[in-house]
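The values are calculated or read from the model by the stated rules, or taken from the named source; none is laboratory data. Just so you know, these numbers come straight off a predicted model, no measurement behind them. When we count neighbours, we look across all protein chains shown, and the Cβ atoms used for this are built from the backbone with ideal geometry, even at glycine. All accessible areas refer to the heavy atoms of the entire protein, side chains included, with ligands and DNA or RNA removed. Shrake-Rupley method; radii C 1.70, N 1.55, O 1.52, S 1.80 Å.
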Amino acid sequence: MKTFLKASAAVMVLAACAAAQAQVAGTFSARAGVTRIMPDVTSGNLSEPSFPGTTVDVGSASALTGGLNYMITDHWAVDLPVGLPFKHNFYGDGAIAGTGKLGETKVVPATLFAQYRFGQANAQFRPYLGLGVTYSRFFKNRSTA
């Protein structure tokens, strides 16, 4: 219970500090957290020599993430998310459902967002609209026996 209270107090202090900062041109901000990626997979049939109807499914993954944000103007910002790699497991599906884990891979997504922030720079609630591009680097691909 003490740990929960300390963590809650820390979050409240951080929120108060964040609310006190104006998002004006030339300012940087940083964030930290956890991101969970939950793929919605529609796999096509694997090629021969696989059994007909053999497909795969990809498991969810979580990682510590954060980001850096730079306000170009009072309304336009550039956001660069950063984080540790995500580790995804692959499982048999379709004709081979129930076979368990088939393999794994790690992925680091490199993303860059442009954001338009509505409202005044000192507003406590400031929604934004963002558009970005992502390049994902897959590595440490492994399969099971």
So, in region 25-76, of the ones that are exposed (fewer than 11 other Cβ atoms within 10 Å of the Cβ) and among the acidic types (Asp, Glu), which residue ends up farthest from LYS87 (Cα to Cα)?
GLU48
Hits in region 129-145 (condition: over 25 Å from TRP76 (Cα atoms), among the hydrophobic types (A, V, I, L, M, F, W, C) and not in a loop (DSSP other than H, G, I, E, B))
PHE138, PHE139
In the list VAL108, VAL133, which residue meets the criterion of being open to solvent by 100 Å² or more (accessible area, probe 1.4 Å) and in contact with a Ser or Thr (Cβ under 9 Å, 6 or more places away or on another chain)?
VAL133
If you go through region 60-72, how many residues are free of Cβ contacts under 8 Å to residues at least 40 places away in the same chain and part of a loop (DSSP other than H, G, I, E, B)?
1
Filter region 86-97 for residues that are buried (at least 16 other Cβ atoms within 10 Å of the Cβ) and either under 21 Å from VAL133 (Cα atoms) or not β-branched (Val, Ile, Thr) (or both) and give the result.
PHE86, HIS88, ASN89, PHE90, TYR91, GLY92, ASP93, GLY94
Quick one: is LEU80 open to solvent by 60 Å² or more (accessible area, probe 1.4 Å) and in contact with a strand residue (DSSP E or B) (Cβ under 6 Å, 6 or more places away or on another chain)?
yes
At pLDDT 90 or above and either part of a loop (DSSP other than H, G, I, E, B) or aromatic (Phe, Trp, Tyr) (or both): does that describe ASP57?
no
